[in-house]
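A.B. asks: Before I ask anything, let me first share the structure, which is written out below as structure tokens.
The values are calculated or read from the model by the stated rules, or taken from the named source; none is laboratory data. In this text the structure is predicted, and so the values were computed from the model without any measurement. Ideal geometry is used to build each Cβ from the backbone, glycine not excepted, and the neighbour counts take in all protein chains shown. Each accessible area value is taken on the protein alone, full model and side chains, heavy atoms only, with ligands, DNA and RNA left out. Shrake-Rupley method; radii C 1.70, N 1.55, O 1.52, S 1.80 Å.
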Amino acid sequence: MRRKISLKPITLLLLLTAFVSFGQDAHHNDEPKPDGKAERKAYIQHHLKDSHDFGIASYTNASGEKKHIGFPLPVILWDGGLKIFSSSKFHHEKTVAAVDGNFYKIYHGMIYKTDAVGTINYDDAHHPTNVKPLDLSITKSVVMIIVTALLMFLLFGSLGKSYGKNGGIAKGAGRFFEPIILYIRDDIAIPNIGKKHYKKYMSFLLTVFFFVWFLNIFGLTPLGVNVTGNIAITFSLAILTYLITTFTAKKDYWKHIFWMPGVPAPMKIILAPIELLGTIIKPFSLLIRLYANMQAGHIVLMSLIALMYLFNSIVGSSLSFFLSFAISLIEVLVALLQAYIFTMLSALYFGMAVEEHDHEEAH
Amino acid sequence: MEKLLGEFSLGLFIIQTVLFVLLVLLLKKFAWKPILTAINDREEGIINALDSAEKAKLEMENLQADNQKLLKEARTERESMLKEARDIKNKMIEDAKSEAQEQANKLIQQAQAAIESEKKAAMAELKNHVAGLSLDIAEKVVRGELSNKDKQLELIETMLGEKSLTEV
């Protein structure tokens, strides 16, 4: 009960800072320009995407000049050789960066190779046809991933160490997570994978759970970015689940895919491609579920915040405020829930891979 | 779908995969393994402790039963020992009594025999004594009688008379 109470003011504080930092931008952009709606939409779209500099807030000053608060991040490109330069060269995605005689420009969050004036050529469907160099930059998302990884390493590393020092009893901040680790072991891993095989999957399951959960929570803070709502991140997590499932699969798993026992022969031939497709659809559903949930949560939350400025009246704006407050609380729940679902389903797929059948005729 | 692909950044994917795999491996070595081992050890410790407590309880009960049995045995033994001692005591008393009786009887008998023989001896002595005395008296009397001639003759006369009379 105590813990719950003490968390409330922190959440509230974070939310308020969120409103303030988002609000500043929307507010100041809103008034001088007639097309506030498009501006807000663009702002939301921009926030959902990864970014090459770590923006905290931006505003337009009295002379109509747009100011950004934040810091640039290093850009690392592989374009016939390694190119490393600061993202400040793009001047907040406005200008062309010239590096070693090559010119780069950011268009919709992606770096394209252009000519000196930054011309971007489009195809019929309005897609840029410029060359996209391999972008290994330390983007905002990467910064958050590193921060989360460090946090996890410190938190769980100290928890792991504290057992030895205290005679098998956890101590410190990591103590709060011990029941969660136990829950993942006893209620996610063991029931889905089985007592015999669960041990080798525990590291992945635990890491994925806390990684997704922490990043989801970071995404809700005003400084945090939408990392788990980025398709590349969820794709990476899902493909790891797929690879682990495929490479640890036992004979029975493949048998059930290619030659389903207990089914007439023609059906076996029809079932094989469906089952094979199923192995890919399973992790694909994982990646889409996490991505869509987090993306949608951010869109809803930011739209509601934007609504406050759209209404621009005491009644409408305060209504919108409480609505966005309620949605924020729900998002905290969703953050945990999505981490749980991702871990749970991963465990389920691992369980399928190592399941052993001794009942040939049962199917 | 096209929008999704448009948003997909290969570089971010590579970085995320590398970082995540690294994180899994590092955490496995420095966190998950020690944590899970510690938790497992603790759980096993709890199970063992409960088991041994249960065992100790059983042992305790056994011990108590044993104690009870021993106590009972000791009690019966004491009882029997006491009984035996009592018997021995009684027997000893009995024996002593009978022996004493026997001894007393024997002593009495001996005493009686001694008295008898003493009595006999005394009687014999008395007889001898009396005989001696009477002989002395007789001697004196005779001596007195024989002091004059008449008397001597008289005596011989009587004695002879007596003799003949008694012999007839």
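A.B. asks: A:Ile299 passes all but one of (1) touching a Leu at 6+ places or on another chain (Cβ under 9 Å); (2) within 14 Å of chain B (Cβ to nearest Cβ); (3) surrounded by 18 or more Cβ atoms within 10 Å (Cβ to Cβ); which number fails?
C.D. replies: A:Ile299 satisfies all of (1) touching a Leu at 6+ places or on another chain (Cβ under 9 Å); (2) within 14 Å of chain B (Cβ to nearest Cβ); (3) surrounded by 18 or more Cβ atoms within 10 Å (Cβ to Cβ) except (3).
A.B. asks: Mind listing just one residue for me: the one in region A:72-129 that is more than 20 Å from A:His46 (Cα to Cα) and touching a residue at least 60 places away in the same chain (Cβ under 8 Å) and, of those, least open to solvent (accessible area, probe 1.4 Å)?
C.D. replies: Ranking the qualifying residues of region A:72-129, first place goes to A:Leu77.
A.B. asks: Could you please let me know if A:Lys105 is within 28 Å of the chain's Cα centre (by Cα), away from chain B (no Cβ under 14 Å) and not in a loop (DSSP other than H, G, I, E, B)?
C.D. replies: Spelling it out, A:Lys105 is indeed within 28 Å of the chain's Cα centre (by Cα), away from chain B (no Cβ under 14 Å) and not in a loop (DSSP other than H, G, I, E, B).
A.B. asks: Restricting to region A:178-203, count the residues that are within 8 Å of chain B (Cβ to nearest Cβ) and either crowded, with 24+ Cβ neighbours inside 10 Å or of a type in the set (Gly, Ala, Ser) (or both).
C.D. replies: Number of matching residues: 1.
A.B. asks: Something else: Of everything in region B:1-44, what is more than 7 Å from every other protein chain (Cβ to nearest Cβ) and open to solvent by less than 90 Å² (accessible area, probe 1.4 Å)? Give them in sequence order.
C.D. replies: Result: B:Gly6, B:Val18, B:Val21, B:Thr37, B:Asn40, B:Glu43.
A.B. asks: Of the residues A:Ser313, A:Ser285, only one is at pLDDT 90 or above and not acidic (Asp, Glu); which?
C.D. replies: Within the list A:Ser313, A:Ser285, the selection yields A:Ser285.
A.B. asks: List the number of the failed condition for A:Ile217; all other conditions in (1) away from chain B (no Cβ under 13 Å); (2) open to solvent by 50 Å² or more (accessible area, probe 1.4 Å); (3) over 22 Å from A:Val332 (Cα atoms) hold.
C.D. replies: Exception for A:Ile217: condition (3).
A.B. asks: Suppose we keep only residues that are open to solvent by 80 Å² or more (accessible area, probe 1.4 Å) and within 20 Å of A:Ser346 (Cα to Cα) within region A:250-273. Which one would you say is farthest from the chain's Cα centre (by Cα)?
C.D. replies: For region A:250-273, the residue satisfying everything is A:Lys251.
A.B. asks: Further, regarding this structure: Quick one: is B:Leu50 away from chain A (no Cβ under 14 Å), farther than 30 Å from A:Lys200 by Cβ and open to solvent by 60 Å² or more (accessible area, probe 1.4 Å)?
C.D. replies: No: the conditions fail for B:Leu50.
A.B. asks: Being among the aliphatic types (A, V, I, L, M), touching a residue at least 40 places away in the same chain (Cβ under 8 Å), surrounded by fewer than 19 Cβ atoms within 10 Å (Cβ to Cβ) and closer than 25 Å to B:Ile15 by Cα: is that true of A:Ile233 here?
C.D. replies: no
A.B. asks: Then there's this: Would you check if A:Lys171 is within 26 Å of the chain's Cα centre (by Cα), of a type in the set (D, E, K, R) and within 12 Å of another protein chain (Cβ to nearest Cβ)?
C.D. replies: Taking the combined requirement at face value, the residue does not satisfy it.
A.B. asks: Let me ask something else about it. Report yes if B:Glu59 is more than 14 Å from chain A (Cβ to nearest Cβ), surrounded by 11 or more Cβ atoms within 10 Å (Cβ to Cβ) and free of Cβ contacts under 8 Å to residues at least 60 places away in the same chain, otherwise no.
C.D. replies: For B:Glu59, the condition - more than 14 Å from chain A (Cβ to nearest Cβ), surrounded by 11 or more Cβ atoms within 10 Å (Cβ to Cβ) and free of Cβ contacts under 8 Å to residues at least 60 places away in the same chain - is met.
A.B. asks: Condition test on A:Phe284, is it within 13 Å of another protein chain (Cβ to nearest Cβ) and more than 24 Å from A:His47 (Cα to Cα)?
C.D. replies: yes
A.B. asks: Let me ask something additional. If I filter region A:130-143 for residues that are at negative phi, surrounded by 20 or more Cβ atoms within 10 Å (Cβ to Cβ), more than 7 Å from chain B (Cβ to nearest Cβ) and not in a loop (DSSP other than H, G, I, E, B), do I get at least one hit?
C.D. replies: Among the residues of region A:130-143, at least one is at negative phi, surrounded by 20 or more Cβ atoms within 10 Å (Cβ to Cβ), more than 7 Å from chain B (Cβ to nearest Cβ) and not in a loop (DSSP other than H, G, I, E, B), which makes the answer yes.
A.B. asks: For residues in region A:221-278 being hydroxyl-bearing (Ser, Thr, Tyr) and in a helix (DSSP H, G or I), which is nearest to the other protein chains (Cβ to nearest Cβ)?
C.D. replies: The residue in question is A:Ser236.
A.B. asks: Here's a follow-up. Of (1) within 17 Å of B:Trp32 (Cβ to Cβ); (2) small (Gly, Ala, Ser); (3) without any contact (Cβ under 8 Å) to a residue 40 or more places away in the chain, A:Ala189 satisfies all except one. Which?
C.D. replies: (3) is the only condition that A:Ala189 fails.
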